[in-house]
Amino acid sequence: MCGVMVKWLGILWITSVMSMVVAPVAWASEESEGGAIASSATGVSNSEYDSERISTTVADWLAQLQAYQLAQAQVAITGVRVNAVETGLAVVLETQGELQVPETSVVGNALIADLPNAVLALPGEEPFEQFAPAEGIALVSVANRPEGGVRISITGTDAPPIASVSTDASGLVLAVEPGTEAVATDEDAIQVVVTGEQEEDYIVEEATTATRTDTPLRDIPQSIQVVPQQVLEDQQAIRLQDALRNVSGVIAGNTFGNTSDAFVIRGFPATSAGNILRNGFRLPETDLAFFDTANIERLEVLKGPASVLYGNLEPGGVINIVTEDPLLVSAYEIQLQAGSFGFVRPTIDLTGPLNENRTLAYRLNAVFERANGFRDYDQDIRRFYVAPTLAWQAGDRTDLTVDFEYLYDERPFDRGIINDANFEIPDVPFDRIFGEPDDVSETETLSIGYELEHELSDRWELRNAFRYVSSDVFNYRAEPLYDTDAEGNLSRNFRSNDNYSESYSLQTNVVGNFTTGPIEHTLLAGVDWFRNTRTGGQSRFPGVTILNIFDPVYEVDPRPDLSELTLDFFTRNTRSDLIGFYLQDQVAFTDNLKLLAGGRFDIVDQRSNEIWLGTRSEQNETAFSPRVGLVYQPIEPVSLYASFSRSFSPNAFTDVNGDFLEPERGTQFEIGVRGELLDGRLVANLAAYDITKTNLATQDRENPDFSVATGEVLSQGIELDVIGEILPGWNIIASYAYNDARVTEDNDPERIGLRLQDAAYNTFSIWSTYEIQRGALEGLGLGAGVFYVGDRIDGFIPSVTLDGYVRVDLGVFYRRDNWETAVNIKNLLDVDYIQSGFYNPGEPLTVIGSISVEF
C-alpha cells in the first residue's frame, strides 16, 4: 500500500514539473508554425510574445508561461445591451466565457465595476457609450483598460447609482437604480449576486455537502470529491454510474434488476435510501429509477460517516446531486444524442428572467429517451423527465426557489448473468437473458419543494426548505432462482413487486459568521424532520418454469396473469420518522489553522405492519453522532487534515425477547493531504481511513431463530484523486483507491475474514481531454479514459469471485461559437465484464453522438 502511495505521488510530482517545462516549449512550437496570429477572443496579438520563441532559462520559461496564461484567460465581451426597466436599467454584457466577479468602487457620482479577466471585442466601434439612457443616469460606458481588463462606468446625474450584479456562464447583468443621495461606501452602492454560476473547467473550489455551508474544499477535514458538469458533458454521461466511476472508492452496487442507482463507497452500500441526496435532501426509502443527469450542475461525494448532518446512514459516504439554478441571463440549449442499440435522447435547457427588473427567473429541463438496449429483451427503454424551476428575489435579503420534477421510466427488469453448477460465470453471450423477453419495470416519481433564504443581517442568515417525493414502482418478471444444474437447467419463478412510497422533508437552520477576539466562527444550528411511508410488497406464482442457459427457449408456458400470483412475500406497510437537531462550528484560529466540530442528536421512530406474516413491530431509537476535524495549512496550496466521525443506522433484527437490536454504529478515523499545483489549476487529494462498523446482527447460537448484535466489519484503505487543468485546454480527472473491507467478528467462524460484497481491493480511473486553443482547428478536442475495477465477491455466493476488468473510452468533440458536436466510444475494446456483484453485465462497445446548439 505504501509503495502505491509513493508511486502515485511521484507521478504527480513529475506531471507538475513536466507541465512547467513543456508549456512554454509547446506554445513556442505552435507559434513558430502558425506565425503571428491575432486573437479576436483575447484582443492580444501573439506577435507580442515573438521576441524569444525558445527560452533558455527557467526564469524565461516561467515568464513566457505566465504571459501565455494571461492571454488565454481573457474572456471576450461580444455584445453590450442597455435596457430600460421599471426600476432603472439592465446593463447586459454578452460573453464567450465566464467572467470573474467584478471589483467595484465609487468615484464621485460614478459607479465603477472592473472585470480583470475580460476584453471588449465588439463588432463596431469601441468603447461602448450611451448617454442619458434613463432618468437619473447620465452615462453608461464600457471600455478596455490600458493595463488590461474592462471597466464598466455608470454615472448618475445627482448621486452614484445603486446596482446588483449577477454573473453566470452566459454573461453579466447589472440591475441599476438611480441614486438619490450620496453613497457612504462601495458596499452600499453595489451588491454582487452569483446566480447559477456554472464551472466551465474541471475545478470546483467550494462544496456544501460536508458542512451545509459554502466551504472551500481546502478547509474541509474529510475527503470530498466533486464531479463538475463539464466532466459529464465531455464523457456524455447520462447515468450517475457513468459519472461516479471517476471518483476513488466508488463502484457500482446492486441495482435491483438494473432499474435504479446503487453504489458502494469504501466498501459500504450507498443507495437512494439515505446515502444518495438531492440538494441535501434525503430520498424515499424505496427503489427509485435511475437519476437523470440533464439538470445536474455537479456531483459532490463526501467520503465517510455523514450522520452528523443527515441522520441514519451507512458509514461509507454520501452522494449529493446538486441541480442547476435559473439564470438572470437568457440562455437556450437544444441537444440531440443518438447511438448504438437504438439510443435516442433529445433534451432542452431553457433559462432566463421573467420580468423586466430581473427579480423572477426560471429554468426548464426536459428529456425524452428511447433505446433497445444490448440485452435480448423485447421490452425497450423509455424515459420522460421534466424539471421546471422558479427563483424569486422577494427582497434585498430574501430569495425563494421552487422546483418540480417528474420522471417516468420503463425498461426491462434484468437480473443479468447467472452462474453455472460450478458457481462460475458460464460461457454464454453477454446479451443472453435468463428471464423472459417481456420482463418489465415501471417507475413514476414526482418531486416538489422550495428553498427560502433570508439574511437577518450582514452576518446571520435563516434558511428553510421543504421537499415532497412520491414514487410508484411496479415490475413483473421471471426471476432466476440461481440453482442451475450440471446440464444448465435453471429454475425460474414469476413474481411482481408493486410499491408506493411518499416522503416529506423539512429543514430549518441558521448560519452565523462572527468573531470572538481574533478567532472567526461560522456557526450552523438547525433541525430537520423526515417522514417516509411505504406500502406494497411482492407476490409470487406458486410454481417454477425451467430454462436451459445454454439453449434457451422462451415463452413456452403462458405468462401467468397477475391475479395468479397468489403467494404474498414482504407485503407490508411501514412508516419511519426521523427528527434531528444539529450544531456545528467552523473555527478559524488563524488563516492556516481551522477546526470543524459538530454533533447531532437523532430521534427515530419506525413502525411496520408485516401483512404477509400477520405481525406488527415498532422501535424508537435515539443516537448522538459527533464529528471533529482539524485542518492545518503549512503553506497556502497545501492542507493537512485529520478527522473523527461517527454514523448510526437502526437495526431491523430482534433478539430472543423480541426487542430490536441496538443501532449499527460506524466509526471513522481519517487523515489526508490536499494540494494545489500549477497555481491552483490542478488539485490532488490523498486520504487514508479506518472505518469500523459494529452492532451488526448475527445468529444467536443458543436461539438460532433470533439475532444478537455482535457482528463487526472493518474497512481500511487509501484514496487518491486528481482533477484540474495541466495546461490551457488540457483537463484531467483521475483516481486510485485501495480498499480492504471484511468481516472481523461474527458468531459464524466461517464468515470471519470474508470480504464485503462489491468491495474491490483496487480501482483506478483516468480521463483526460485536450481542446485546441487557437488556429484553424480551435475548438477541436480529444478525450480518452481508462477505468479499472479489481476482483470482487459474488452478491449471493461469497465463495465466488468476479474477475476485475479494464474499460477504455474515447471521445472527440468540436466546439464553435454557439454549437457543439461530439462522438464518444465507450468500452472501445469490447470487453465482457460484470459491473456489480449481482451479475449485471456492462455495456459492450457503444457509440454515442451528439449535437447541441445554444442561442
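The values are calculated or read from the model by the stated rules, or taken from the named source; none is laboratory data. Worth saying up front: this structure is predicted, and the values here are computed from it rather than measured. With ideal geometry, Cβ positions are generated from the backbone for all residues, glycine too; neighbour counts draw on all protein chains shown. To get the accessible areas, we keep the full protein, side chains included, count just its heavy atoms, and leave off ligands, DNA and RNA. Shrake-Rupley method; radii C 1.70, N 1.55, O 1.52, S 1.80 Å.
Ranked highest first by the average count of other Cβ atoms within 10 Å around their residues, in what order do 232-241, 418-427 fall?
Peptide ranking by packing, descending: 232-241, 418-427.
What are the residues whose amide H is under 5 Å from the amide H of THR571, where those residues sit 5 or more places off or on another chain and H is modelled from the backbone?
HN-HN under 5 Å from THR571: GLN538, TRP612.
Which aspartates and glutamates have a Cα less than 13 Å from the Cα of LYS693, not counting those fewer than 8 places away in the same chain?
GLU314, GLU662, GLU664, GLU712, GLU745, ASP746
Among 824-832, 399-407, what's the highest-first ranking by average C-beta atoms within 10 angstrom per residue?
The most tightly packed comes first, giving 399-407, 824-832.
Quick one: which residues, 5+ away or cross-chain, put their amide H under 5 Å from the amide H of ILE433? H built at 1.01 Å from N.
Result for ILE433 returns ASP376.
Relative to the longest principal Cα axis of the chain, at what angle does helix 58-73 sit, 0 to 90 degrees, rounded to 10?
90 degrees
How do 256-269, 354-367 rank on mean C-beta neighbours within 10 Å, highest first?
Descending mean neighbour count gives 256-269, 354-367.
Run the simple label-point estimate for TYR482 and ARG607 please: 7 Å along Cα→C-beta, distance reported in nm.
Once both label points are built, they end up 3.5 nm from each other.
Does the range 286-344 come out rounded, prolate or oblate, given a ≥ b ≥ c as the square roots of the eigenvalues of its C-alpha gyration tensor, rounded meaning a/c under 1.5 and, failing that, prolate meaning a/b above b/c?
Since a/c reaches 1.5 but b/c is at least a/b, the shape of the range 286-344 is classed as oblate.
In whole angstrom, note down how far apart the Cα centers of the range 487-527 and the range 292-366 are.
17 Å
Quick check: Cα centre of the range 369-413 to Cα centre of the range 92-145, how many Å?
Computed from Cα coordinates, the inter-centre distance equals 39 Å.
With every protein chain kept in place and ligands, DNA and RNA left out, what is the accessible area per residue of the chain? Probe 1.4 Å, answer in Å².
Ligands and nucleic acids excluded, the result is 41 Å² per residue.
With θ set to phi - 60°, apply the Karplus curve 6.51 cos²θ - 1.76 cosθ + 1.60 along the range 807-823 and write out the HN-Hα couplings as whole Hz, x wherever there is a Gly or Pro.
With the stated coefficients, the range 807-823 comes to 10, 10, 10, 9, x, 9, 9, 9, 10, 8, 6, 10, 9, 8, 10, 8, 9 Hz.
Can you tell me the dipole magnitude for the chain around its Cα centre, using point charges on the Cβ only (Lys, Arg +1; Asp, Glu -1), in Debye to the nearest 20?
In debye, rounded to 20, the chain gives about 940.
Report, in debye and to the nearest 20, how large the dipole of the range 296-393 comes out about its Cα centre when Lys and Arg carry +1 and Asp and Glu carry -1 on their Cβ.
It works out to roughly 20 debye.
Please compute the length gained on full extension between GLU356 and PHE423, using 0.36 nm multiplied by the number of residues separating them and subtracting their Cα-Cα distance.
My answer for the length gained is 17.4 nm.
Provide the gained length on full extension for the span PHE624 to GLU750, in nm with one decimal, where the gain is 0.36 nm per separating residue minus the Cα-Cα distance.
Between PHE624 and GLU750, full extension yields an extra 42.0 nm.
For an R0 of 56 angstrom, estimate the FRET efficiency from the Cβ-Cβ distance between SER330 and LEU583 and round to the nearest 0.05.
The value I calculate is 0.85.
Once both labels are modelled 7 Å past Cα along the beta-carbon direction, what's the ALA84-THR566 spacing in nm?
The two pseudo-label positions are separated by 8.1 nm.
Taking square-rooted eigenvalues a ≥ b ≥ c of the alpha carbon gyration tensor, is the range 239-342 rounded, prolate or oblate, where a/c under 1.5 means rounded and, failing that, a/b exceeding b/c means prolate?
Oblate.
Taking θ = phi - 60°, what integer Hz values does the Karplus form 6.51 cos²θ - 1.76 cosθ + 1.60 yield along the range 746-753, in sequence order, with x for Gly and Pro?
Using θ = phi - 60°, the values come out as 6, 5, 9, x, 6, 8, 5, x Hz.
Could I have the simple spin-label model distance between VAL544 and ILE766, label points 7 Å from Cα toward Cβ, reported in nm to one decimal?
4.8 nm
Computing the accessible area with a 1.4 Å probe over protein heavy atoms, can you report the carbon and sulfur percentage for the chain?
For the chain, the apolar C and S fraction of the accessible surface comes to 55 percent.
Could you work out the relative contact order of the range 472-531, using alpha carbon pairs under 8 angstrom and six or more residues apart, expressed as a whole percent?
Taking the mean separation of contacting Cα pairs over the length of the range 472-531, I get 28 percent.
On a straight-distance basis, which aspartates and glutamates could pair with LYS594 in a cross-link, Cα separation under 14 angstrom, same-chain partners fewer than 8 positions away excluded?
The qualifying aspartates and glutamates are ASP219, GLU520, ASP585, GLU636.
³J(HN,Hα) across the range 516-533 via Karplus (A = 6.51, B = -1.76, C = 1.60, θ = phi - 60°), whole Hz, x for Gly/Pro?
Once θ is set to phi - 60°, the couplings for the range 516-533 become 10, x, x, 8, 9, 10, 10, 9, 10, 9, x, 9, 9, 10, 9, 10, 10, 10 Hz.
What three numbers, in Å, describe the spread of the alpha carbons of the range 722-855 along their principal axes, ordered from the longest?
Result for the range 722-855: principal-axis Cα extents of 68, 28, 28 Å.
Identify which of the listed values of log10 I(q)/I(0) by the Debye sum over Cα atoms at q = 0.05, 0.09 Å⁻¹ was calculated from the structure shown: [x] -0.39, -1.04; [y] -0.27, -0.92; [z] -0.30, -0.98.
Checking each listed value against the structure points to [z].
Can you list residues from other chains, or at least 5 along the same chain, whose modelled amide H is less than 5 Å from the amide H of GLU664?
For GLU664, the qualifying residues are SER649, ASN651.
Along the charge dipole of the chain, Cβ charges K/R +1 and D/E -1, which of ILE726, ALA371, ALA709 sits furthest on the positive end?
ALA709
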